[in-house]
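Participant: What follows is a single structure, and I will ask about it in a moment.
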Amino acid sequence: MLTTTLDMAARKEAVMNSVKTEIALLNAQELMNKSSEKCFLKCITKPSTSLSSSEQTCLANCQERYMEAFNIVSRTYISRISKERQAGL
Amino acid sequence: MADKFDEATQKELATFMEQEQAQARLHSSIHTLTSTCWDKCITGTPSSSFSRYEQGCLANCVERFLDTSLFLVKRIEEQRQQALGH
């Protein structure tokens with residue numbers, strides 16, 4: 001069975017895209033898991049028989065804040081790493 | 001599947017995989033650091049935005065963490081040099 005050059009290029013692209021997608025998915029899952037954990041700790045101090053509306057508000061705020069924290073940490077970390085690289089470490 | 005790609009393509013994929021793995025390790029570090037710095041800096045109930053203090057604390061936390069790493073690595077290296085009699 002012959003494999004054409006075009007076919008191989010297409011399959012290479014497919015492999016690369018599926019790896020990128022997988023990694024992005026894992027990243028999103030980790031963010032979800034972490035924010036759920038932190039926000040449960042912060043907002044649900046006494047678990048009762050349902051989520052009260054103040055608990056829901058707290059959770060909504062918390063999730064946004066956690067994402068924002070992730071972005072701040074991400075920017076600061078990447079910026080610092082590139083500074084260190086330029087300084088030759 | 002690997003034996004259906006020519007050598008040039010295999011090399012390209014190997015380089016690509018290394019880059020993606022480096023990215024994944026970077027993400028992992030950022031997740032851990034976000035978790036640690038959240039615990040250190042966000043002590044009250046989350047509201048609709050961060051205070052200036054909280055924003056500053058998060059950024060400082062990252063910088064100090066990296067300073068800590070560098071400090072400790074340097075110290076170990078110095079001790080090693082001393083032990084070798086340099």
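Participant: Touching a Phe, Trp or Tyr at 6+ places or on another chain (Cβ under 9 Å) and among the acidic types (Asp, Glu): which single residue out of A:64, A:68, A:37 fits that description?
Facilitator: Result: A:68 is the single residue among A:64, A:68, A:37 that is touching a Phe, Trp or Tyr at 6+ places or on another chain (Cβ under 9 Å) and among the acidic types (Asp, Glu).
Participant: Continuing with this model, one more query. It is to be established whether one or more residues within region A:68-75 are in a helix (DSSP H, G or I) and open to solvent by 60 Å² or more (accessible area, probe 1.4 Å).
Facilitator: Yes: one or more hits.
Participant: If you don't mind, there's one more thing I want to ask. Can you pull out every residue in region A:8-31 that is among the charged types (D, E, K, R), out of contact with any Ser or Thr (no Cβ under 6 Å at 6 or more places or on another chain) and either more than 10 Å from chain B (Cβ to nearest Cβ) or surrounded by 13 or more Cβ atoms within 10 Å (Cβ to Cβ) (or both)?
Facilitator: A:11, A:13, A:20, A:30 - these are the residues of region A:8-31 that are among the charged types (D, E, K, R), out of contact with any Ser or Thr (no Cβ under 6 Å at 6 or more places or on another chain) and either more than 10 Å from chain B (Cβ to nearest Cβ) or surrounded by 13 or more Cβ atoms within 10 Å (Cβ to Cβ) (or both).
Participant: May I ask you to list the residues in region B:43-63 that are more than 7 Å from chain A (Cβ to nearest Cβ) and either in contact with a helix residue (DSSP H, G or I) (Cβ under 7 Å, 6 or more places away or on another chain) or surrounded by 13 or more Cβ atoms within 10 Å (Cβ to Cβ) (or both)?
Facilitator: Matches in region B:43-63: B:54, B:56, B:57, B:60, B:61.
Participant: Only one of A:41, A:89, A:51 is assigned to a loop (DSSP other than H, G, I, E, B) and either modelled with pLDDT under 95 or facing chain B (nearest Cβ under 10 Å) (or both). Can you tell me which?
Facilitator: On inspection, the qualifying residue turns out to be A:89.
The values are calculated or read from the model by the stated rules, or taken from the named source; none is laboratory data. The structure displayed is predicted, hence computed values, not measured ones. Positions of Cβ are generated from backbone atoms using ideal geometry, with glycine treated the same way; all protein chains shown enter the neighbour counts. Calculation scope for accessible area: heavy atoms of the full protein, side chains included, ligands and nucleic acids excluded. Shrake-Rupley method; radii C 1.70, N 1.55, O 1.52, S 1.80 Å.
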